Amino acid sequence: MALTTKTWNDFAMAVPAYEAWIWFAAAVIIAGAIIFRGIQNGIEIANKIMIPAIFILLAVLVVRVLMIPNAWKGLEYMYHVNPADFLKPKIWLAAFTQSAWSTGAGWGMFHVYFVYSARDEDIQLNAFTIAFGDTVAAMLAGMVVLPAVFALAPDPAAVMNSGANGLTFVNLTNLFAHTPGGFFMAVLFFLALFSAALSSVIAMLETGARNMIDMGFSRTKATLCWVVFYIFVGTFSALDNRVFENQDMVWGVGLLISGLCYSLGAIKYGVDKLWTVDIAPCSDIKIRWMWSMIRFFPVIFALVWGWWVWQTITWYPGEWYKFWPVTKYMYTPAVMVVEWGVLFLVLFLLNNKMRDKLVHSNKVD
């Protein structure tokens, strides 16, 4: 355990974490090389390999892990419901942001990828399939990690309280290292984790590159610009884990702002009109009430985020309004609002210029 902890601390927790930055930059460059090849020859081929691989690798791992004695205790922990948790705003916010992040909805990835879809593409079926597939993958991953922890760790409770990074890169790595066949399981697990992460980075880069292409830039220039931009803005988080924790929280919740904008736009345009004119005619699955729930998103956002802000004020008594330095005030409501406000101001100033340059060249390349 001491060795894996030291290795992780030297890799990611040291400031500056140069080794972590090297691997971060490498991942962005790999994703950039894939989207540089275009939709059909790059993104489509990569996802046809990575997405099935994630499910196959996780399925193999689930079978192997559940063969370990006492693994069932992990499943018991995973599927146990504690009613008291429903009264914790942090739980609701974590679930809310996780769904927005993991499905790609909050990033605008649906919007970008649908640029390449046929006009009669089944919108509701695709949305359901993506959300269902994402949930299944998450459940498979949980059925690998938690049974492994409860079957192999001397103190499962301590492992579960070590946080996401501690659980994945310290404790789980240590368990694999001291388990027969653990090297094989570690290779499969981290290959699945890498594939899932890379598929997300590809979509994020394509979101920015597609907008630049619509402004008249070539795919080569758009890709290069966004690779450089991502490496620049991500450098601060890669070099200092405290900045990473801040950015993860601020923009994880910020994804809900994206959902809020879509919801308000749908309400202004007309939720019923969107369903009747744009969604129902090209949907084999017609579950109108599911789509109509978008009306309640602003209320849900206000309740969950407001509830969470009220709680975080108690975490920083007398300092909840402070936002600098972010390495100290990582989770205050003020740091979240200030960072959102800076981005909003930049986008507001650039909005008309970007709008005028849009040429809508939505061709498949």
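Assorted remarks:
- CD proxy at 222 nm, helix term only [per DSSP H run n ≥ 4: -39500 (n - 2.57); per residue of the chain; nearest 500]: -22500 deg cm²/dmol
- Length gained on full extension, residue 352 to residue 183: 55.4 nm, using 0.36 nm per residue less the C-alpha separation.
- If you model the chain as an ellipsoid using its alpha carbon gyration tensor, with each semi-axis the square root of five times an eigenvalue, the axes come out at 33, 26, 24 Å, biggest first.
- 313, 68, 56, 91, ranked by accessible area, largest first (probe 1.4 Å): 56, 91, 313, 68
- Those aspartates and glutamates that a straight Cα-Cα span of less than 16 Å connects to residue 353, excepting residues fewer than 8 apart in one chain: 214
- Ligands, DNA and RNA left out, the 1.4 Å accessible surface of the chain is 72% carbon and sulfur atoms.
- Peptide ranges 141-151, 340-350 listed from the most packed, as the mean C-beta count within 10 angstrom indicates: 141-151, 340-350
- Alpha-carbon centroid distance for the pair segment 191-223 / segment 13-90, whole angstrom: 18 Å
- About its Cα centre, the dipole of the chain is roughly 460 debye, where the only charges are +1 on Lys and Arg Cβ and -1 on Asp and Glu Cβ.
- Förster-model FRET efficiency, 35 Å R0, residue 282 and residue 224, C-beta, rounded to 0.05: 0.50
- In the full protein context, the chain carries 57 Å² of accessible surface per residue, based on a 1.4 Å probe and ignoring ligands, DNA and RNA.
- Computed accessible area, residue 90, all protein chains, 1.4 angstrom probe, square angstrom: 120 Å²
- A simple spin-label model places the labels of residue 232 and residue 115 2.0 nm from each other, with each point 7 Å out along Cα-to-Cβ.
- In order through segment 329-340: 3J(HN,Hα) via Karplus (6.51 cos²θ - 1.76 cosθ + 1.60), integer Hz, x for Gly, Pro: 9, 6, 10, 6, x, 5, 5, 5, 5, 5, 5, 4
- Selected from 213, 253, 280, residue furthest toward positive end of dipole (the chain; charges at beta carbon): 213
- Taking all protein chains together and rolling a 1.4 Å probe, residue 242 ends up with roughly 100 Å² accessible.
- Here the relative contact order of the chain, from alpha carbon pairs under 8 Å that lie six or more residues apart, stands at 28 percent.
- Accessible area per residue (1.4 Å probe, heavy atoms of protein chains only) ranks 272, 284 as 284, 272, with the largest value leading.
- Under 13 Å, Cβ to Cβ, from residue 254 - net charge with Lys/Arg +1 and Asp/Glu -1: -2
- Exposed-site-free run, longest, the chain (rule: GluC sites (Glu not before Pro); DSSP loop; at most 16 other C-beta within 10 Å): 122-318
- Solvent-accessible area of residue 290 with every protein chain in place, 1.4 Å probe, in Å² to the nearest 10: 80 Å²
- Shown are 282, 261, 225, whose ranking by accessible area with a 1.4 Å probe and every protein chain present, most to least, is 261, 225, 282.
The values are calculated or read from the model by the stated rules, or taken from the named source; none is laboratory data. These numbers come from a predicted model, not from an experiment. Cβ atoms come from the backbone with ideal geometry, glycine included; neighbour counts cover every protein chain shown. We work out accessible area using only protein heavy atoms, side chains counted, and drop any ligands, DNA or RNA first. Shrake-Rupley method; radii C 1.70, N 1.55, O 1.52, S 1.80 Å.
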